[in-house]
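Q: Below are the structure tokens for one structure; questions will follow.
No lab work stands behind these numbers, since they all come straight from the coordinates. The model shown is predicted, which means the values in this text are computed figures rather than measured ones. Methodologically, a virtual Cβ is constructed for each residue, glycine included, from the backbone with ideal geometry; neighbour enumeration extends over all protein chains shown.
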Amino acid sequence: MNPFADISILIPALAGAVGALVLRSLVKLIGRLGASTVPIAKYACVEDSVKPGYFQHGWGNAATDRRKKVWSYTRKQMDRKEHTLYGPYVNDFGRPGFFRVRFRVSGHGFKKDEEAVVVLDVIQAPFDLQRDHVVIGQRIIRSKQLRPRYKNFDITCYTSGVGVYEYRASVVWDAFNETKNKIYFDNVRVYRHFPLWDIL
């Protein structure tokens, strides 16, 4: 009996199994990469309402930039909140998992240095909005990152999928010179995010 005969049968079987696993992972990867590029929610920063699904504003005013309505940070206080914009107090997730919250922001007149200018947060709250707020993601935008061309600033976070969520932006008071600087907030989009270990 030839011992190599069994091996010659086993090698194609193993190659077929490995190929099937690779193909399965590839199909899963393509599907999830496609899903991660389509927003599951989009909010215009300029729209203002106390109703869930909209932003509220603590500082600034509506403005037009590049023929589009955006929210402009100014030293004009809209209410007693310290945040430039905050909301929408809804649940875009509905299940546990990783998500990416993307703020689209531009800035004019900023130096190319490391000074913190904007703080972005993703907050989880219970449905009553009064207690147990938890910061589940945060990002600092630095002076050198703010340019007239709009840029995307992502916060990747893991959510339990329960409660409601707040996406907020706060401008650092001392980092903003009203005669030299402008900061425009265009929109906030929410995407599914799939870590590499979750795809394979």
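Q: Note the full-extension length gain between His133 and Asp113 as 0.36 nm times their separation in residues minus their Cα-Cα distance, in nm to one decimal. Don't jump to the answer; show the numbers that get you there.
A: Values: separation 20, 0.36 × 20 = 7.20 nm, distance 3.20 nm.
That works out to 4.0 nm of additional length.
Q: Once you charge only the Cβ atoms, +1 for Lys and Arg and -1 for Asp and Glu, what is the size of the charge dipole of segment 61-136 about its Cα centre, to the nearest 20 debye? Please report the intermediate quantities before stating the final value.
A: On the way: 15 positive and 10 negative charges, 109 e Å.
So the magnitude is around 520 debye.
Q: Over 20 Å between C-alpha atoms is what I'm after, so list which of Lys76/Lys151; Lys81/Lys111; Lys68/Lys144; Lys68/Lys182; Lys76/Lys180 land there. Walk me through the numbers before you get to the answer.
A: Values: Lys76/Lys151 24 Å; Lys81/Lys111 27 Å; Lys68/Lys144 24 Å; Lys68/Lys182 15 Å; Lys76/Lys180 16 Å.
Where the Cα-Cα span goes over 20 Å, the pairs concerned are Lys76/Lys151; Lys81/Lys111; Lys68/Lys144.
Q: Turning to a different aspect of this structure: Which of the trypsin sites (Lys or Arg not before Pro) found in segment 93-126 are loop residues per DSSP with 16 or fewer other Cβ atoms within 10 Å of their Cβ? Walk me through the intermediate numbers first.
A: Numbers: sites: Arg100, Arg102, Arg104, Lys111, Lys112; in loops: Lys111, Lys112.
Answer by residue number: Lys111, Lys112.
Q: Going toward the positive end of the dipole of segment 33-92, with +1 on Lys and Arg Cβ and -1 on Asp and Glu Cβ, which of Val38, Tyr89, Trp71 do you reach last?
A: Trp71
Q: Per residue, what volume in Å³ does the convex hull of the Cα atoms of segment 51-176 enclose? Write out the running numbers ahead of the final one.
A: Working: hull volume 14.6 nm³, N = 126.
About 116 Å³ per residue, rounded to a whole number.
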